[in-house]
Amino acid sequence: MVSTYTAKYTKTDSGYMGQLVEWPEVITEGRTLEECRALLKDALQEMIKAYKDLGKEIPVGGALLEQVPVEV
């Protein structure tokens with residue numbers, strides 16, 4: 001079964017931080033966006049394995065994101 005998760009990337013002083021919207025515990029950092037993407041995918045795979053080993057329910061992916069404009 002294939003699931004999709006929504007990744008959020010934030011620029012940091014040392015590179016990028018990546019986190020899954022539907023599963024916030026899956027988080028990582030990389031020097032480049034490409035490195036951060038690869039590390040986040042690896043972290044997701046490891047978290048899925050850990051949850052399966054513990055018999056925990058894996059969060060469902062497929063979040064819908066939209067930007068909300070507001071004047072500040």
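How about the range 1-58: which of its residues are of a type outside the set (A, V, I, L, M) and part of a strand (DSSP E or B)? Steps first, answer last, please.
Quick first cut of the range 1-58, residues of a type outside the set (A, V, I, L, M) only: 3-6, 8-16, 18-19, 22-25, 28-32, 34-37, 41-42, 45-46, 49, 51-53, 55-57.
Result: LYS8, TYR9, THR10, LYS11, THR12, GLY15, TYR16, GLY18, GLN19, THR28, GLU29, GLY30.
Which pairs turn up if I take residues in the range 12-28 that are on the phi > 0 side of the Ramachandran plot and look for partners that are buried (at least 16 other Cβ atoms within 10 Å of the Cβ) with beta carbon separation below 7 Å, at least 6 apart in sequence or on another chain?
GLY15/GLU29; GLY15/GLY30; GLY15/CYS36
Can TYR51 be described as aromatic (Phe, Trp, Tyr) and touching a residue at least 12 places away in the same chain (Cβ under 8 Å)? It would help to see each step written out before you state the result.
Working: aromatic (Phe, Trp, Tyr): yes; touching a residue at least 12 places away in the same chain (Cβ under 8 Å): no.
No, not satisfied.
Can you tell me which condition GLU57 does not meet? The list is (1) of a type in the set (Asp, Glu); (2) surrounded by 10 or more Cβ atoms within 10 Å (Cβ to Cβ); (3) out of contact with any strand residue (DSSP E or B) (no Cβ under 9 Å at 6 or more places or on another chain), and all the others hold.
With respect to (1) of a type in the set (Asp, Glu); (2) surrounded by 10 or more Cβ atoms within 10 Å (Cβ to Cβ); (3) out of contact with any strand residue (DSSP E or B) (no Cβ under 9 Å at 6 or more places or on another chain), GLU57 is out only on (2).
Select from the range 13-72 the residues that are acidic (Asp, Glu) and over 15 Å from the mean Cα position of the chain (by Cα) and write down the one among them that is farthest from SER3 (Cα to Cα). Spell out how you get there, then give the answer.
Start the filter on the range 13-72 by keeping residues that are acidic (Asp, Glu), which leaves 13, 22, 25, 29, 34-35, 42, 46, 53, 57, 66, 71.
With over 15 Å from the mean Cα position of the chain (by Cα) added as a condition, the list becomes 13, 53, 57, 66, 71.
Working: ASP13: 31, ASP53: 18, GLU57: 14, GLU66: 20, GLU71: 36 Å.
Among residues in the range 13-72 that are acidic (Asp, Glu) and over 15 Å from the mean Cα position of the chain (by Cα), the one farthest from SER3 (Cα to Cα) is GLU71.
The numbers here are math on the coordinates, done by the rules we state, and not lab data. Quantities reported herein were computed from a predicted structural model and do not represent experimental measurements. Quick reminder, even Gly has a Cβ in these numbers, built from the backbone with ideal geometry, and neighbours come from all protein chains shown.
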